[in-house]
């Protein structure tokens, strides 16, 4: 399975590079994460990674021209690098390793919550920024510019539920195919959807409070970019912690999603796991 995982993750990485969804270092990240997940978890685990990768890559190119004006707000461009690949898939890879070393059904449930979260967050970002309604900061409710960290919209929330729900449905389908009961599969799908939305909300809360956000005095705009804005001018810390960037927020939120999924399983599904 290790060799197969290496081949499949390499193919996905190269596809992402060709589609300009991944940078060269992002291909390396995809190979590291993908090989680990396929080798340690198996087909079902790898399938969730593939669904996340394909759906998020497709949405990143959806109405790309309309999103171009928001690029200055984000710390990085649309091509994911090594840090972004590890931020989105690293917690899932650790869960897969946990399953390989200490097998238990909770690892699979946590893994599902992790990828439900990163898929929910990606869908919310890629579709939420296109909302015609101005986003509102999740902590205060005040209107903010599109692309502001911690800004939420009804469209983004709906997209988050859809992204998390898709992961849940795929995971449930694999459970059914493996001989699991319909009730248990439905519980898994629901746990994934709820944990993904919770993880995405955690991402927004961290983005509005703890993530390092900077300000360009020349453009008079907020940005995630440090030490320089897209215009080339230096940026200064406006709020949050300098050491916590968007990659760190994504990683922490994915862990929260995994914990929530496992907790739901322990409370609701414990007699069957």
Identify, please: which residue in the stretch 16-26 is within 18 Å of residue 88 (Cα to Cα) and over 17 Å from the mean Cα position of the chain (by Cα) and is, among those, surrounded by the most Cβ atoms within 10 Å (Cβ to Cβ)?
23
Can you go through 206, 266 and tell me which one is surrounded by 14 or more Cβ atoms within 10 Å (Cβ to Cβ), farther than 14 Å from residue 168 by Cα, touching a residue at least 24 places away in the same chain (Cβ under 8 Å) and in contact with a helix residue (DSSP H, G or I) (Cβ under 8 Å, 6 or more places away or on another chain)?
206
Residues that are under 23 Å from residue 81 (Cα atoms), at least 2 per element: which strands (runs of 3 or more DSSP E) completely within the stretch 158-273 meet that?
213-216, 221-223
Residue ID - nearest to the chain's Cα centre (by Cα), chosen from residues in the stretch 141-157 that are surrounded by fewer than 17 Cβ atoms within 10 Å (Cβ to Cβ) and free of Cβ contacts under 8 Å to residues at least 24 places away in the same chain
154
Just one of the numbered conditions (1) buried (at least 19 other Cβ atoms within 10 Å of the Cβ); (2) within 20 Å of residue 90 (Cα to Cα) is not true of residue 244; which one?
(1)
Scan the stretch 35-75 residue by residue and report those that are part of a helix (DSSP H, G or I), modelled with pLDDT of 90 or more and more than 15 Å from the chain's Cα centre (by Cα).
35, 36, 37, 38, 39, 40, 41, 43, 44, 45, 46, 47
Breaking point among (1) crowded, with 18+ Cβ neighbours inside 10 Å; (2) in contact with a strand residue (DSSP E or B) (Cβ under 9 Å, 6 or more places away or on another chain), for residue 258:
(2)
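The values are calculated or read from the model by the stated rules, or taken from the named source; none is laboratory data. Because the structure is predicted, anything quoted here is derived from the model rather than measured. So basically every Cβ, Gly included, is an ideal-geometry build from the backbone, and we count neighbours across all protein chains shown.
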